[in-house]
Amino acid sequence: MSERVAAYLAGEREAILERLLRLIRFPSVSTDAAFAEGMRGAREFLLDRLRAIGLEDVRLLEPATPVPGGQPAVYGAWTGAGPDKPTILIYGHYDVQPADPLELWHAPPFEPAIRDGRIYARGASDVKGSTTIAVETIAGFLATEGGCPVNVKLFLEGEEEIGSPSLGALIDTHRELLVADAMISADGGGAAGAVPRLNIGCRGIASLQFTLRTASKDAHSGKVGGALRNALHEMARLIATLHDEQGRVAVEGFEGDAPPLSNAERAEAASFALDEAAWYAEFEAAPFGDPAYSVTERTTLRPTVEVNGMWGGYTGEGGKTVTPAEAHAKLTMRLIPGQDPAAAQEAVRQHLLRHAPAGVALTFHHRPGGTRAFTLRADHPLRAAAAAVLRREKGGEPAVTRLGGTVPITTLFQERLGIGSLMFGLASSDEDAHAPNEFFRLSSLDEGLRLWPMLLSELGRMRAADFRQG
Ligand SMILES: [Zn+2]
């Protein structure tokens with residue numbers, strides 16, 4: 001059955017590619033209200049497509065009480081497989097990051113250009129390419145077989161790139177509609193490429209922004225320099241206390257109750273053979289980080305505190321002789337399994353307060369929330385199904401990998417719906433997501449249009465009850 005669907009999708013490839021390019025042309029930047037039209041266009045395109053392929057109950061989902069900055073999700077379902085078959089929630093997102101800085105793009109970011117077997121455009125890799133694969137896979141089953149091997153509920157988020165402000169409320173409002181046995185995400189994964197991967201987890205995230213003050217106002221550096229604290233100097237000193245020289249987080253109590261890395265986790269991390277020298281070479285950067293852990297462990301199973309931005313004083317053209325009284329910093333923390341976002345944020349806050357000298361005042365701008373890390377349990381049927389597909393299609397045992405980033409939906413669905421998720425996206429980590437000249441490989445599109453039908457078929461061999469054990 002899946003072979004027939006894969007063959008059908010291969011035959012439809014040009015039409016599928018054309019639809020993907022149309023979706024990409026909507027500048028659906030969720031963070032900026034100036035792009036509301038692009039957001040609306042992408043939503044309507046998807047609503048039309050889901051209706052056209054024969055999904056039921058196609059509509060926009062919003063929380064009962066609107067949340068500021070929230071964006072509706074696109075939903076559609078097909079439940080004809082019957083109650084004995086698993087119900088799989090399929091996740092993707094239609095929003096994208098801003099394209100700035102525009103001057104670094106070789107071509108306009110929302111006019112997809114195909115060069116060297118790649119689609120260059122904002123959102124191509126993250127994550128309209130893989131979202132299209134998910135939608136078209138369902139379309140392929142419905143067109144050739146008149147039904148899917150499992151019940152499917154397609155959920156396409158519109159606020160992934162802005163930290164999903166209303167997603168929790170949205171899930172609570174539409175709980176009944178979203179009930180499922182498991183979730184497959186088109187975001188995250190790395191199923192494409194030479195080394196087959198099973199992506200079973202991601203780090204969590206918390207954030208913190210603060211302002212540091214040293215005086216009531218900026219002053220002439222010739223008059224006060226040497227006698228007044230400079231806010232930027234104090235900020236640099238304070239930020240430097242967050243890590244030791246090897247980049248280890250030096251914040252007391254930061255990891256909280258998180259257990260140490262288990263042997264099983266370390267063995268899984270080692271199953272993906274990373275060429276560390278090549279990894280650093282790609283960034284033209286020198287090796288760095290805690291030598292007790294491999295680069296894979298540092299980037300997926302160890303926590304971080306990262307300064308994402310620091311500013312203050314004069315940064316314009318030319319010079320200005322000023323002693324700034326105020327400096328600002330934005331921090332995010334990547335969290336490991338067992339780490340609580342609020343507790344991690346509080347540990348950093350306390351650390352900063354403890355290390356700020358007398359005469360330096362800190363004001364914190366809390367962004368509430370944060371997301372815990374997610375891990376798909378070792379005996380979950382999704383692991384077995386995806387591993388079987390990858391073994392068959394790619395040969396060899398898939399490496400078990402984790403995402404260093406955060407896919408909040410995996411944690412939210414675990415916490416609110418009690419279901420596990422597998423990230424089965426086709427994007428590769430070198431495709432410059434969030435950066436200028438983002439691209440998606442056409443070969444990954446083709447690969448996804450085989451792997452996804454195979455995965456749904458494999459899950460169709462299972463019973464709904466298989467997912468409810470354990
Ligand atoms: Zn993204």
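Structure notes:
- For segment 342-436, projected area of the alpha-carbon convex hull averaged over all directions, nm²: 10.0 nm²
- Of 419, 396, 408, farthest towards positive along the dipole that unit charges on Lys, Arg, Asp, Glu beta carbons give segment 301-420: 396
- Order of 67, 150 - criterion: other Cβ atoms within 10 Å of each residue's Cβ, fewest first: 67, 150
- Our estimate of slack between residue 364 and residue 103, defined as 0.36 nm per intervening residue step minus the Cα-Cα distance, is 90.6 nm.
- Distance histogram for the chain (every C-alpha pair counted, 20 angstrom bins, percent rounded to whole numbers): 23, 54, 20, 3, 0
- About the Cα centre, charge dipole magnitude for segment 110-163 (Lys/Arg +1, Asp/Glu -1 at Cβ), debye: 160 debye
- Once backbone amide H atoms are built at 1.01 Å from N, residue 423 has 185, 199 as its partners under 5 Å, excluding neighbours fewer than 5 places away on the same chain.
- Estimated dipole of segment 1-60 in Debye, rounded to 20 [Cβ of Lys and Arg +1, of Asp and Glu -1, Cα centre]: 40 debye
- Here the residues 229, 349, ranked from fewest to most Cβ neighbours within 10 Å of their Cβ, fall in the order 349, 229.
- Where both bridge residues fall in the chain, DSSP classifies roughly 70% of the beta bridges as antiparallel.
- Kirkwood Rh (inverse of mean 1/r, distinct Cα pairs), segment 223-356, angstrom: 17.4 Å
- The charge dipole of the chain, taken about its Cα centre with unit charges on the Cβ atoms of Lys, Arg (+1), Asp and Glu (-1) only, comes to about 560 debye.
- Residue exposure proxy: 239, 88, ordered by other Cβ atoms within 10 angstrom of their Cβ from fewest to most, comes out as 239, 88.
- Amide H contacts of residue 339 (H built 1.01 Å from N, in plane; Pro and chain starts excluded): 373 sit under 5 Å, all sequence-distant by 5 or more or on other chains.
- In sequence order, segment 378-390 has phi-based couplings of 4, 9, 6, x, 4, 5, 5, 5, 5, 5, 4, 5, 5 Hz under the Karplus curve 6.51 cos²θ - 1.76 cosθ + 1.60, θ = phi - 60°, and Gly or Pro positions carry x.
- Phi to ³J(HN,Hα) by Karplus 6.51 cos²θ - 1.76 cosθ + 1.60 over segment 299-315, Hz, x for Gly, Pro: 9, 9, 10, 10, x, 10, 10, 10, 7, 8, x, 9, 8, x, x, 9, 10
- Using the Cβ of residue 53 as centre and a radius below 13 Å, the other residues enclosed give a net charge of -2, where K and R count +1 and D and E count -1.
- Farthest toward the positive end of the dipole of the chain, out of 193, 81, 338, is the Cα of 338, where the dipole comes from beta carbon charges about the Cα centre.
- For segment 401-418, the Karplus equation 6.51 cos²θ - 1.76 cosθ + 1.60, evaluated at θ = phi - 60°, returns couplings of 10, 10, 8, x, x, 10, 10, x, 4, 5, 6, 4, 5, 5, 6, 9, 10, x Hz by residue, with Gly and Pro reported as x.
Read-outs: derived from the displayed coordinates by stated rules, not from any lab. These figures come from a predicted structure and were not determined experimentally. With ideal geometry, Cβ positions are generated from the backbone for all residues, glycine too; neighbour counts draw on all protein chains shown.
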